[in-house]
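Asker: Could you have a look at this structure, given as structure tokens, before my questions?
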Amino acid sequence: MDEPMGLDELFDDSFQSGTVQEIRRSRMHKSMMQVARAAERASHLVMNIVEQNEGRMQLDEHNHLLIVGNLGIYRVDLGSFMTKFANPFDYNSFDVVEVHPKNGLVKEPKTACVQVQPQKDMPAYDLFAGYILGLLNDEVTWLQESLSPLRRTLFQIYGLARSPLTPSLGQHFADSINGSFDFKQDTFTFSGTNGWKWRLHFGQPLAKGFKIEYQKPRQTWWNLLFDDHERDSTGHYAISGFFETVEHLAKCPHLLRDVNDWSTDPILLRKVASDYPPVAKILAERLTKEDYDPSKIYTFYDELLEEEHQGVVRELDELVLQRAYA
């Protein structure tokens, strides 16, 4: 038997007649219809975006949406998206999108898992609208932190040579770290902390990584840090790629005052410390402890340093102590 209704339920927004359960079912249906209508409105938004950008958004015969961005061409599987929207419990993320170079589609494209940050109560098609607009305006969005998979994929396609990435990449680094590319010399120069400057050489055909140099305040010459950073370092993730290396070094040498051998490359740390007393003095305290042993230094991947790297660390430790107590 249905229970009688209280006054708070009787006068909830508007008068409703019926039993308690009938009114509650009505409210549930109303909520579902509100969601459905919001999805319908959002679907019209998606259609308007595609129609208004017909020159850069077109459908192929395989139900893929091709989006011509400023940096690349993207091929989105609409069928996969529709399946997820129809049954959100089936999968909780977007599929990867094909990423093709700007000059045309290729047989074996790169892929990227591009994520859009959803807002509370955002209809699925609003999310999709943000997704395709982000790809359409890739020159603006690709450097956002949340789109690092797209950034890595575009970088795999173009590298550091002049490309559609160059204008936005150059502007981004010019604004953030006073960075500048010199494509005649194949170098990228940018500011660190404490008046330091860093320079990466990326046009080395026989090297796996970058040649890295630094310049201290009032110096007119450059000091060599690594001739080939992939060969000469321990392979730490902080300097594993171009973006990672630039972001890490832009915070140095100040960052190195507060790090350990697990959070930065041990060889990089000691090379900088051997030429920079503020870091050398802090590091010397650790090197002179009774339990310090280079053979017990772990990399970021929880593996002990290779014997070759242990030997390099021992030699650099001596230079650090000399600098600290000079």
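Asker: For V35 and N178, compute 0.36 nm times the residue count separating them, minus their Cα-Cα distance, and round to one decimal in nm. Kindly include the intermediate steps, with their values, before the conclusion.
Answerer: Working: separation 143, 0.36 × 143 = 51.48 nm, distance 4.75 nm.
Result: 46.7 nm gained on full extension.
Asker: Roughly speaking, what is the centre-to-centre gap between the stretch 154-184 and the stretch 199-228 when only Cα atoms are used, to the nearest Å?
Answerer: Result: 18 Å between the Cα centres.
Asker: Just to verify a number: FRET efficiency for R231 and S146, C-beta to C-beta distance, R0 = 41 Å, to 0.05?
Answerer: Numbers: r = 33 Å, r/R0 = 0.80.
Efficiency, from the Cβ-Cβ distance: 0.80.
Asker: Roughly what would the spin-label model give for Y298 and L224, points 7 Å off Cα along C-beta, in nm?
Answerer: Once both label points are built, they end up 3.4 nm from each other.
Asker: Counting pairs of alpha carbon atoms under 8 Å apart in space and at least six apart in sequence, what relative contact order in percent does the chain give?
Answerer: Reported as a whole number, the value is 9 percent.
Asker: As a quick test, which of the pairs K102/K211; K110/K208; K251/K281; K211/K271; K197/K271 have an alpha carbon distance above 25 angstrom in this structure? Don't jump to the answer; show the numbers that get you there.
Answerer: Values: K102/K211 29 Å; K110/K208 21 Å; K251/K281 19 Å; K211/K271 14 Å; K197/K271 15 Å.
Beyond 25 Å between Cα atoms: K102/K211.
Asker: On to the next question. Most mobile of D138, D291, D228 per a Gaussian network model of the chain (Cα springs, under 10 Å)?
Answerer: Its mean-square fluctuation being the largest, the pick is D291.
Asker: Using only the alpha-carbon atoms, how far is helix 307-324 inclined from the longest principal axis of the chain? Give it as 0 to 90 degrees, nearest 10.
Answerer: Helix 307-324 sits at roughly 70 degrees to that axis.
Asker: Given R₀ = 22 Å, what would the calculated FRET efficiency be for R257 paired with K289, taking r from the Cβ atoms and rounding to 0.05?
Answerer: Details: r = 18 Å, r/R0 = 0.80.
Efficiency computed from Cβ-Cβ geometry: 0.80.
Asker: Only counting other Cβ atoms within 10 Å, I'd like E54, E22 sorted with the fewest neighbours first.
Answerer: Taking fewest neighbouring Cβ atoms as first place, the list is E54, E22.
Asker: Moving to a separate point now. For the chain, with a Gaussian network of springs between Cα atoms less than 10 Å apart, report the residue from H29, H236, H248 with the top mean-square fluctuation.
Answerer: Judging by the Gaussian network model, the answer is H29.
Asker: Computed over the Cα atoms of the stretch 159-324, what is the ratio Rg over Rh, Rh following Kirkwood?
Answerer: On the Cα set of the stretch 159-324, Rg over Rh gives 0.98.
Asker: Also: Which value in nm describes the separation of the simple spin-label points at A161 and E22, placed 7 Å from the Cα toward the beta carbon?
Answerer: 7.5 nm
Asker: How would W198, W142 line up from fewest to most surrounding beta-carbon atoms within 10 angstrom? All intermediate terms of the calculation are to be shown ahead of the outcome.
Answerer: Values: W198 23, W142 26.
Result, fewest neighbours first: W198, W142.
Asker: Moving on to the next point. Residue by residue through the stretch 41-57, which ³J(HN,Hα) values in whole Hz follow from phi under the Karplus form 6.51 cos²θ - 1.76 cosθ + 1.60 (θ = phi - 60°), with glycine and proline marked x?
Answerer: The phi angles translate into 4, 5, 5, 5, 4, 4, 4, 5, 4, 5, 5, 6, 10, 4, x, 10, 9 Hz.
Asker: On to the next question. Using a Gaussian network model of the chain with C-alpha springs under 10 Å, which one of K208, K296, K107 is most mobile by mean-square fluctuation?
Answerer: K107
Asker: To make sure I understand, if each residue's beta carbon is the centre and we count other beta carbons within 10 Å, what order do D302, D186 fall in, fewest to most?
Answerer: Ordered from fewest to most neighbouring Cβ atoms within 10 Å, D302, D186 come out as D302, D186.
Asker: Sticking with this structure for a sec: Kirkwood hydrodynamic radius for the chain: how many Å is it when counted over pairs of different Cα atoms? Before the final figure, lay out the partial values.
Answerer: Values: mean 1/r = 0.0413 Å⁻¹.
Taking every pair of different Cα atoms in the chain, averaging 1/r and inverting gives 24.2 Å.
Asker: Another one. For helix 277-287, what angle does its Cα long axis make with the longest principal axis of the chain, in degrees from 0 to 90 and rounded to 10?
Answerer: 90 degrees
The numbers here are math on the coordinates, done by the rules we state, and not lab data. No experiment lies behind these values; they were computed from the predicted model shown. Positions of Cβ are generated from backbone atoms using ideal geometry, with glycine treated the same way; all protein chains shown enter the neighbour counts.
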